[in-house]
């Protein structure tokens, strides 16, 4: 079976409060290979900002216990991402806080 | 009988005669209503009936501390209460140090009666209490008043509550302004101005007694863990500790909660950024009495450029949220706006929602330059926003109309403009979402004090994974916290109201209701019992909150408020948040109100507490009062809006 | 001989004026019977212009209420303005704080050694 050629999607990311302190910036655009999910995004984050992943996904802990990721997609009501396997779509606006 | 926690004394000041007296606090009242917000309403209910108009001699202004004030739990919280110009409870809390000083001076409450003929100010230094001439203070802004009082008394650590020009000029919702830019009490500044009481300054040197010191210390350390950056399990705490409500800018925007352009839009770009604020304007921390957060309160300063030299203190208000409401993007302008409101004791919500209403009316052609003193009044015009704020403070031209409050202004202008006047019970809205937060919509609608989120805040659950499975909650957390469903909102909002009434009566700061402290009240009970020496159980403790809210409801019922007054602006009921595809609330509000009144034991048709409900809470005096006045027989339908 | 360990102020710029230190100190002096900041061995002086809060420490005795080695005033200080250490350590911590507050405005509000989360210098050109 041929796997489809990965195509990049772009998500827009905002950092709020102490998360912005961790990144040193407040927003950026990130390209991900399709299909992408929250876990992949955290991999990218961890590369850029070592120590980022454990804040949202503590080792052996519960995903997003003391932090949260809000997703706004296509003019629909926003929702919180509570599962690292949550698929991401091109154009998603993700707010980490 | 020796008091622990409570000082046990009430200070009465009659402005008409100059008579100053102290009396013993009623122990029964203290046990039933705790203190601060609760005790205030207990006294106001007994002493200011419906025959007294807000601007009559007989209206009173009450400043309340509580039993835990002066301990590190109190955080300087004061509750100010009066009969609001619109006749509901003009109540508001403020932080700082004023209230702690009042306790150290040995008083639980200060009740101000009647009116002075000429401006006076009140000085309280322990047992030395005196009224002084305030002709040199009148007309000055609040910061000048504080500085003059400090200089005149020579007491560096004195804390001052004062009224600004908005109160002196009787703007509808003027607030009382405390040292360090703490403020509260919508309408209390108006009544304080009407009574010609310029300021109340207080400094105390006594002790707040604690019944069981070891238990109190252990309970405090346990409480403190929620706010310790190393041990907190609440996502809000680390960010709130430094950015306070400015961190909410993006969160409100992302969730469709902002009231951009008078709540015509739920998304605003570019939203002001809290990090930019921190970097350019924040100078150092400045906190309330014993606040455990490092810097929920900060000193700001505009160092250069527009409005350079403007400085002050800010904390929970997230004042940058003013920006989307009137459509502006400039930090210097919102900072200047904040400073103008603080100096004048003008309610920010009144100013911003009134001006936003005027901007919408102008853009829709309902009003034009002939109404606005020749000004273009369009969303996004930051200079016009400040100019109009100043006109409200001075009651000049169109500002004189806006100073009446947005509901009254819309009545005067008419031509359908009432539809854009965002108010509840005649008081301007505050920056709380409704269409995407049904618990908040209900909370705002049923408030006895006009729109006031501190009465039910926070309305979110702790992470459900942290709730112990065996915990017995009075609502279903999985249903009740669903934001766009009316399910189980009655029980949730009842719980939020009752429990927050306790915290505001101890008092403590509502921003301390984080993590499990929002749903588990055993830690609060232990703090209360160990401090005061009381030994009631949890049910008894929660019932005190229920009793306070029922008495507050009884107060506004006696003033003629009914079910029809418990509502939210038409915009929230009828218009969607287009940018986030969130529908209007529609009939769901009435469904939730049915539910709420039923779980409260209030009559569904009228929102009047039933006799058995009041008797069950030990409010027999209210039952007698209601019978004497024929409240249950009356066919009044409210309609104060 | 070991250096003298004492309660010291990192910088008045870090004092939020909350008076936790005053209040808890008075609790210890009153043997847990209550709070009376007037009787405390620490006083926060607020200058009339409100530009600074200045802690004055007048404590020569061992605190009767220590937590993990720190006296209660230091334990309860929310920003880390108060520190219990010797002069040498104080100077090195001050230098650390000075650098941190250049990098990140957050450290105008708390000392870096009390901030338990990762942080990076703020990229001001991106704001």
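For this structure, a couple of remarks:
- Average beta-carbon neighbours from other chains, 10 Å sphere, peptide B:587-596: 0
- Protection-proxy order for peptides B:154-164, B:533-543, each taking the mean of Cβ atoms within 10 Å per residue, highest first: B:154-164, B:533-543
- Zone of residue B:156's modelled label, taken as backbone nitrogen in region B:198-219 under 12 Å from a point 7 Å along Cα→Cβ: none
- Length gained on full extension, residue C:96 to residue C:124, computed as 0.36 nm times the residue gap minus the Cα-Cα distance: 8.0 nm.
- Shielding by partners, peptide C:108-115 (average Cβ within 10 angstrom, other chains): 6
- The label point for residue B:16 and the one for residue A:43, both projected 7 Å from the Cα toward the Cβ, are 7.9 nm apart.
- Dividing the mean sequence gap of close Cα pairs (under 8 Å, 6+ apart) by how many residues region B:438-629 holds gives a relative contact order of 25 percent.
- Seen through its C-alpha gyration tensor, with square-root eigenvalues sorted a ≥ b ≥ c, region A:8-92 comes out rounded because a/c lies under 1.5.
- Considering helices alone, the calculated mean residue ellipticity of chain A at 222 nm is -6000 deg cm²/dmol, with DSSP H runs of length four and up weighted by -39500 (n - 2.57) and normalised per residue.
- Helix C:87-103 vs. chain C, principal-axis angle (Cα, 0 to 90°, nearest 10): 40 degrees
- Global geometry of chain B, whether rounded, prolate or oblate, following the gyration tensor of its Cα atoms and the 1.5 cut on a/c: rounded
- Rough spin-label spacing in nm, given labels placed 7 Å along Cα→Cβ, for residue B:415 and residue B:147: 4.3 nm
- Subtracting the Cα-Cα distance of residue B:605 and residue B:127 from their residue separation scaled by 0.36 nm leaves 167.1 nm.
- When C:4, C:122 are arranged by Cβ crowding within 10 Å, least crowded first, meaning fewest neighbours, the order is C:4, C:122.
- Cα-based shape type of the protein assembly as shown, given that a ≥ b ≥ c are square roots of the gyration tensor eigenvalues and the cut on a/c is 1.5: rounded
- Taking a point 7 Å from the Cα of residue B:466 along the Cα-to-Cβ direction, the residues of region A:54-85 with backbone N closer than 13 Å to it are A:62, A:64-68.
- Relative contact order of region B:9-203: 23 percent, from C-alpha pairs under 8 Å at least 6 residues apart in sequence.
- Beta bridges per DSSP with both ends in the protein assembly as shown, % antiparallel, nearest 5: 80 percent
- Listed peptides A:25-32, B:358-365 appear in the order B:358-365, A:25-32 once ranked by packing, highest mean of other Cβ atoms within 10 Å at the front.
- From its DSSP helices (H runs of at least four residues, each -39,500 (n - 2.57)), chain B gives a residue-normalised ellipticity at 222 nm of -11000 deg cm²/dmol.
- With respect to chain C, whose longest principal axis is taken over its alpha-carbon atoms, helix C:20-29 is tilted by about 20°.
- Förster-model FRET efficiency, 30 Å R0, residue B:612 and residue B:57, C-beta, rounded to 0.05: 0.25
- Cβ crowding within 10 Å, taken as a proxy for footprinting-reagent exposure, orders B:631, B:392, B:502 from fewest neighbours to most as B:631, B:502, B:392.
- When B:440, B:271 are sorted by how many other C-beta atoms sit within 10 angstrom of their C-beta, beginning with the fewest, the order is B:271, B:440.
- Percentage relative contact order, region B:225-428, counting C-alpha pairs under 8 Å, at least six apart: 16 percent
- With Cα atoms, 0 to 90° folded angle of helix A:38-48 axis to chain A main axis: 60 degrees
- With a simple spin-label model that places each label point 7 Å from the Cα along the Cα-to-Cβ direction, the separation between residue B:539 and residue B:364 comes to 5.2 nm.
- Packing around the peptides A:51-63, B:73-85, B:54-66, taken as the average count of other Cβ atoms within 10 Å per residue, puts them in this order, highest first: B:73-85, B:54-66, A:51-63.
- Per-residue mean of C-beta atoms belonging to partner chains within 10 Å, peptide B:204-210: 6
Only the coordinates and a few stated rules stand behind these numbers; no lab work does. Since this is a predicted model, take the numbers as computed values, not measurements. Reconstructed Cβ throughout: ideal geometry from the backbone, glycine too, with neighbour counts over all protein chains shown.
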